[in-house]
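This report concerns only the one structure given below.
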Number of protein chains: 2
Amino acid sequence: MTEAAVRRRLSPDQRREQILVAAERLFAERPYVDVSTTELAAAAGVARGLLNHYFGDKRALYLEVVRRAALLPALEDVPLPTGSLAERVDAAVHWFLGSITPERATYLTIGAAEGIGDDAEVRAILAGAHDLAAGRVLELVGGDPDDAAARACVRAFGELARGAIREWSRAGTLTREQAHLLLRESLLVIVQGVLPGL
Amino acid sequence: MTEAAVRRRLSPDQRREQILVAAERLFAERPYVDVSTTELAAAAGVARGLLNHYFGDKRALYLEVVRRAALLPALEDVPLPTGSLAERVDAAVHWFLGSITPERATYLTIGAAEGIGDDAEVRAILAGAHDLAAGRVLELVGGDPDDAAARACVRAFGELARGAIREWSRAGTLTREQAHLLLRESLLVIVQGVLPGL
DNA sequence: TCTGTTATTGGCAGCCTGCCAATAGTAGGG
DNA sequence: CCCTACTATTGGCAGGCTGCCAATAACAGA
């Protein structure tokens, strides 16, 4: 590849974004250790040292990528639905399923293929993002977002939701309708059969 | 520590086991990259080169540890319960919750705190173990283990189960009874409200 | 055009990993 | 009891990767 060897000077924000985009792609398709900083720099069309300049070290860059990927569904806002409980539950499920588009597929690889290893910082990032999404769902279905136990239940439901979405969107073992059915019925019974009994 | 510097010669099986035990501990409490082979060897009381001799490379050792940890609950067998559907569901949930003892806590860190990164081999290991557990649950509740869609639903339920167990056993945000209630009601509605509608 | 600012680069030093030849426990035969 | 063959085990070498830092060169403003 006869790359443009001319050194161009971008604004820090642009350069930062450029590096993050390249890093997100590489980190998503291969495990952390298999992606070298040399490779990251090449993919971003940048000298290796610049990664350290902008992010400190490789790990910090990685954490930034994880943060952005994890927050994807939680960021978009959705109008609070009205109607019966069944309708609000359906709307919540619809939102969650719809928030996973092909170009957001990176979200699905989160925590799905890594092994053991207790990384406190990564755990905090994921926990925060998942909790945010859980709070959103709890609002949508008309629950109390300040009820710690209820929130924990919905966080656990989030695991079910991500699992179902992976079965549908990656494995192809469920259709979207089947995933929707699974999540709707489960969330409904949680809201009206489990939360009151806590 | 004035370690026993005497070089002792063990049987390959013993040495292998000794290394695996040490590696499981280290890999469980810190991310892969932060655990050096030097450290692994020291923890096992062994020269660094011996790791390569027994496992090939660091990654292979790691995969072996993941494999053992992931298979923990799936390995123990449980008698098929009899009685009503509700009773069988309850028994299945009880088995899953009971399979997570403190000394098996490593199981809970699986896929819970690492970030993104699509590792095909790790994914295959985890998928196999989770599918095994799903098949077990499907048998316990009297479903058809050969129904691909049903199996996918129960695999997704497995995610909920691991999430609930983490909320209970690690975060402490749910009591065991609450986790049990959540899983029982969810599994019940899946078996009788979702699976028939596929 | 020139100059100051700072985005960007290239190379150095240290650590980690995989490999391999050398070493030394240990069992079994004499 | 000694000695030898087998092989478990070690230590060091070479290559690659990472973090750091001083040198360089775009670009804006005067």
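The values are calculated or read from the model by the stated rules, or taken from the named source; none is laboratory data. What you are looking at is a predicted structure, and each value in this text was computed from that prediction instead of being measured. FYI the Cβ positions are ideal-geometry reconstructions off the backbone, even for glycines, and counts take in every protein chain you see.
A few points about this structure:
- Screening B:A60, B:A47 for residues that are without any contact (Cβ under 8 Å) to a residue 12 or more places away in the chain, within 16 Å of DNA strand D (Cβ to nearest atom) and more than 14 Å from chain A (Cβ to nearest Cβ) leaves exactly one candidate, B:A47.
- Residue check for A:V33: surrounded by 12 or more Cβ atoms within 10 Å (Cβ to Cβ), in a loop (DSSP other than H, G, I, E, B), at pLDDT 95 or above and within 13 Å of DNA strand C (Cβ to nearest atom): no
- Condition check for A:L187: surrounded by 19 or more Cβ atoms within 10 Å (Cβ to Cβ) and either at the interface with another protein chain (Cβ under 8 Å from one of its Cβ atoms) or aliphatic (A, V, I, L, M) (or both): yes
- Remark: pairs (first residue in the range B:9-24, among the polar types (S, T, N, Q); second residue assigned to a helix (DSSP H, G or I) and at pLDDT 95 or above; Cβ separation under 7 Å; 6+ apart in sequence or on different chains) = B:Q18/B:A44.
- Residue ID - nearest to DNA strand C (Cβ to nearest atom), chosen from residues in the range A:16-30 that are small (G, A, S) and within 11 Å of another protein chain (Cβ to nearest Cβ): A:A23
- Boolean, B:Y62 is surrounded by 20 or more Cβ atoms within 10 Å (Cβ to Cβ), modelled with pLDDT of 95 or more and not in a loop (DSSP other than H, G, I, E, B): yes
- Flag for A:R9 being assigned to a loop (DSSP other than H, G, I, E, B) and within 12 Å of DNA strand D (Cβ to nearest atom): yes
- A:A120 being surrounded by fewer than 20 Cβ atoms within 10 Å (Cβ to Cβ) and within 13 Å of chain B (Cβ to nearest Cβ): yes
- Reported count of residues in the range B:146-157, each being buried (at least 21 other Cβ atoms within 10 Å of the Cβ) and facing chain A (nearest Cβ under 7 Å), is 5.
- Residues (aliphatic (A, V, I, L, M) and closer than 19 Å to B:R170 by Cα) located in the range A:133-162: A:A134, A:A148, A:A149, A:A150, A:A152, A:V154, A:A156, A:L160
- Residues in the range B:166-181 that are more than 23 Å from B:A113 (Cα to Cα) and buried (at least 18 other Cβ atoms within 10 Å of the Cβ) were compared, and the one that is farthest from the other protein chains (Cβ to nearest Cβ) is B:H180.
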